[in-house]
Amino acid sequence: MDLSGKRVLITGGGGGLGRVLAADFASAGADVHIAGRRRAPLDDAVKTIPGITAHQLDVTDEGATDALFASIGSCDIVIANAGIAESAPLHHTSLELWQQIMAINLTGCFLTFRAGLRTMRAANAEWGRLLAISSIMGLAGYRYASAYSASKHGVNGLVTSVAAELATSGITANALCPGYLDTAMTDRSIANIAERTGMTADDARAVLADMSPAGRLITPAEVSLAA
């Protein structure tokens, strides 16, 4: 696929799936911009992936998100990838954890989509792509993941509503809903499960793998190819 001349913004682009997305879109010829909260992973991605540009951003900050899009200009492809995954039984889920997950996973997607769409509209774009990295947990409920699952159900609701609004515009909105990815974020989830349940890390990994219809963790490359 040749994406020469297309400008892409990827949130959560400093590591994991975000970095794979950045590398693959850059290799397809796109002008790739990545955004993330932590400077060090962004700087490392820039050193590793030729031709990309990095921006420090908290996707829950409305003003900063709007300002970043204004500085970059109209993007052809916007990928809302920033997210966190934390698990806990409902009765051990604090309001602070709930609000943090909602802010990053759902509000962050909303602010990213809205700012990206505004730049497309301002440029009178006849073609554009809004893409959310959601989760299989946005399609069904899973134990010990009520907050995360709720946030991803919200993302999917947002995406389907935006897609309906844009149906005749040439701009599309879609969500990718993979199972658990084989990334450092999943490694942290595995460690959390092992600590809370007494499982071994291997057993905890197997539990997450079984949540996917494929019966295994999904590779970031598979998701990037779909994107």
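Compute for segment 144-210: radius of gyration divided by Kirkwood radius, i.e. Rg/Rh, restricted to C-alpha atoms, rounded to two decimals. Display every interim value, and only then the final one.
Numbers: Rg = 16.5 Å, Rh = 14.1 Å.
Answer for segment 144-210: 1.17.
Please determine, in degrees from 0 to 90 and to the nearest 10, the orientation of helix 62-72 with respect to the longest principal axis defined by the Cα atoms of the chain, where the helix direction is its Cα long axis. The angle comes out near 40 degrees. Across R196, R37, R19, mean-square fluctuation computed from a Gaussian network of the chain (C-alpha pairs under 10 Å connected) peaks at R196. Mind running the shape call on segment 33-75? Use the C-alpha gyration tensor, a ≥ b ≥ c as the square roots of the eigenvalues: rounded below 1.5 for a/c, prolate if a/b tops b/c, oblate otherwise. Since a/c reaches 1.5 but b/c is at least a/b, the shape of segment 33-75 is classed as oblate. Pairs of C-alpha atoms in segment 41-123 farther apart than 22 Å represent 37 percent of all such pairs. Taking only the alpha carbons of the chain, we obtain Rg and Dmax values of 17.2, 55 Å in that order.
Placing a pseudo-label 7 Å from each Cα along the Cα-to-Cβ vector at D43 and L90 gives an inter-label distance of 4.5 nm.
If you run the Gaussian network model on the chain, springs between alpha carbon atoms under 10 Å, then out of F69, F110, F25 the most flexible one is F69.
Looking only at I79, I193, I34, which one moves most when the chain is put into a Gaussian network model with springs between Cα atoms under 10 Å? Residue with maximal mean-square fluctuation among I79, I193, I34: I193. Annotation: R205 carries an accessible surface of approximately 80 Å², with a 1.4 Å probe and no ligand, DNA or RNA atoms counted.
The values are calculated or read from the model by the stated rules, or taken from the named source; none is laboratory data. All figures in this text were calculated on a predicted structure; none of them were measured in a lab. With ideal geometry, Cβ positions are generated from the backbone for all residues, glycine too; neighbour counts draw on all protein chains shown. All accessible areas refer to the heavy atoms of the entire protein, side chains included, with ligands and DNA or RNA removed. Shrake-Rupley method; radii C 1.70, N 1.55, O 1.52, S 1.80 Å.
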